[in-house]
Amino acid sequence: MTTRVRFAPSPTGYLHIGSARTALFNYLFAKNTGGKFLLRIEDTDLARSTEESTRSILEGLKWLELEHDEELVFQSNNADKHRASALKLLKEGKAYRDFTPKVEAAGDVKEGIAERARAAQGVKNMRDNPYREISEIESDTRAANGEPFAVRLKVPDSGKTVFEDAVYGLQERDYNDTEDLVLLRSDGHPLYNLAVVCDDIEMQITHVIRGQDHLTNAHKQVLIYEALGVTPPVFAHLPLILAPNKGKLSKRKHGEIVSMTTYRDAGFLAAAFRNFLALLGWSASEEKEIYSMAELVVKFTLGGIHRSNAVFNFAENDPRRWTDEKAQWMNAEYIRTMPIGELLPFVKAELKSAKLWREEYEPELRALTETVSSTDSEDRPATQAFDIPEHGSYDWFVQTVDLIRQRFFTLKDFSSQGRAYFSEDYDFDPAAIQKNLAKFPDLQQWLPELADRFEPMEDFSEAAIEEVVKAFTEEKGTKLGVIMNGARTLLTGVAVGPSMLSVFQTIGKDKSILRLKSQIAWNKQE
RNA sequence: GACCGGUUCGUCUAGGGGUUAGGACACCGCCCUUUCACGGCGGCAACACGGGUUCAAAUCCCGUACCGGUUACCA
């Protein structure tokens, strides 16, 4: 039997990091077992569901490249079927009409529930509903008279629900601990637990993989499956992802850092984020951190899922730790080690959106196949002096990206920190000016002078540049670092980056000269 | 409150009767270097607590503490 799993978010916000991981695990399990990954939007609560949210969720899934196999299902479209099931149970005596008037929840719903539970301590039987045992005739009559009623499942008097959770093991719950849950609201609207069970049956779901917050719901759902006479699917509940204080990670309290689109917009690679997510609550039991999607698919098992919750670690008021540092590291790791050919399209998109892209960077067909296939960043020789691509060409673009990616963390860095490589209009980091220029006033004369030395050079290779700069340094009786760092600041606007010789060569002779002579940075320091 | 679940370095985790308790991120130090957030080497750092079982417990059992989930005519 082929496995069929579903990711079933409710459209009440953007794609949350926890939901994203649930989607990932469902996807991985489906692909690992050669099954289908389905998507269902749980919009039974029309009042809270929004189209905007559905769009955002779809967008997040698209970014993560978790494509669903069959047509998207909207739960609200199946309301009639859900209702029919409830009515069937009513007819069979497995459910009953509850004529208790509906009470509107007020204030903090959660708190109200807990409060009521504490107050009802010991006095209330979960199933002491006065309408549970009224006669069929009375029930029918009152209903016929137009008296509003909810339909509740009649939980059997004694016994327990039992199921084997693929993650948490054997789960048992005494019927006494489960109330007669409402299947249909008094306005005829089907409720979550009913809807989920009906849809999962309809969609022939074999494995329900979802957050641990549904673990107790599973007992209620098993009850519905039993009443309906259908064998329940396999349940696998996932540990929760917590905030640093080990509390709930919520959209309201933690805002954008839990939204998938935040990461997309911050310049994360989907592959890196997926990799990070996969390792949050799951492990292949080996000392390895970097997994491609293909590897994850092969290695994924429900048995590798943990039972304990994981903390998503970040510090709200520390910009460097705005999100989990391991996620940041993972992204940097991908940027600097993935095959350059795979990275290029992302850099292109980033440069385009920053208006830094130029058509000259577009590959000719020949160049593309050559570069992409010969990409083993492991043992590619360092840029050679005799191999200087024409500035601004496709080859130059590839070489430049490869050079500067070493110290980048996100795709955004290509258009911010790396801006000077692609544009004449770049900013100067005040700290860099302070550290590398202001401290050495002589540089204001020296650097333009160095530019003059570059002028007559025919061969602007790293070796040739090195020779000129070294001679110049000696002549001035200063240290190489002073010249190099001053030049770095003028040429790139920042204090960090690759070897200056590579930078000179990459920026090119003409631009290097221009920038060394530019007084903009100097003027800025005043 | 009740029911359910969890607890290995700060964080993500490996290990599940005998290990110097391993890896990754972060942090610290050294090296490389013209700077650096790359790289290399090294370091700091954990089995929640108390009982039991056992020759031997981080690992099995019981209890305690703490944390989390659920307890809706929400999903």
Over chain A, what is the relative contact order in percent, taking alpha-carbon pairs closer than 8 angstrom and at least six residues apart?
12
³J(HN,Hα) across segment A:146-154 via Karplus (A = 6.51, B = -1.76, C = 1.60, θ = phi - 60°), whole Hz, x for Gly/Pro?
x, 6, x, 8, 9, 9, 10, 6, 8
Rounded to the nearest 500 deg cm²/dmol, what is the calculated helix-only ellipticity per residue at 222 nm for chain A, with -39500 (n - 2.57) per DSSP H run of length n ≥ 4?
-13000 deg cm²/dmol
Nearest 20 debye, what's the magnitude of the dipole of chain A about its Cα centre given +1 on Lys and Arg Cβ and -1 on Asp and Glu Cβ?
1560
Relative contact order of segment A:130-180, please, whole-number percent, based on alpha carbon pairs below 8 angstrom and at least 6 residues apart.
29
Interchain or long-range residues, amide H under 5 Å from residue A:160's placed H:
A:175
Fully extended contour minus Cα-Cα distance, from residue A:470 to residue A:416, at 0.36 nm per residue:
16.4 nm
Given a cut-off of 21 Å, name the pairs among A:439/A:479; A:348/A:517; A:470/A:517; A:220/A:253; A:81/A:220 whose C-alpha atoms lie farther apart than that in the structure shown.
A:348/A:517; A:220/A:253
Measure of compaction for segment A:183-261 (Cα Rg per 2.2 N^0.38 Å):
1.36
So how compact is segment A:1-60: Cα radius of gyration and Dmax in angstrom?
12.3, 38
Given labels modelled 7 Å from the Cα in the Cβ direction, how far is it in nm from residue A:360 to residue A:87?
7.3
What are the residues whose amide H is under 5 Å from the amide H of residue A:41, where those residues sit 5 or more places off or on another chain and H is modelled from the backbone?
A:73, A:74, A:75
With Rh as the Kirkwood radius over Cα pairs, chain A has Rg/Rh of 1.14
Per DSSP, loop trypsin sites (Lys or Arg not before Pro) in segment A:147-256 with at most 13 further Cβ within 10 Å
A:246
List the aspartates and glutamates whose Cα lies under 12 Å from the Cα of residue A:154, skipping any in the same chain that are fewer than 8 positions away.
A:92, A:98, A:128, A:133, A:179, A:180, A:226
Computed over segment A:388-526, the relative contact order (Cα-Cα under 8 Å, seq sep at least six) in percent reads 36
For segment A:230-240, 3J(HN,Hα) per residue [Karplus equation, 6.51 cos²θ - 1.76 cosθ + 1.60, θ = phi - 60°, Hz, x = Gly/Pro]:
10, 6, x, x, 7, 9, 9, 9, 9, x, 7
Under Stokes-Einstein, with the Kirkwood radius over Cα pairs standing in for Rh, what whole-number D in µm²/s applies to segment A:173-227 at 20 °C and 1.002 mPa s?
177
Kindly give Rg over Rh for segment A:209-341, based on alpha-carbon atoms, with the Kirkwood expression for the hydrodynamic radius.
1.04
The base-10 log of I(q)/I(0) that the Debye equation returns for segment A:284-364 at q = 0.25, 0.26 Å⁻¹, one scatterer per C-alpha, is -1.22, -1.24
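We did not get these values from a lab; they are worked out from the coordinates using the rules stated. Here the structure is a predicted model, which means the values were calculated and not measured. Note that each Cβ is placed from the backbone with ideal geometry, even for glycine, and that neighbours are counted across all protein chains shown.
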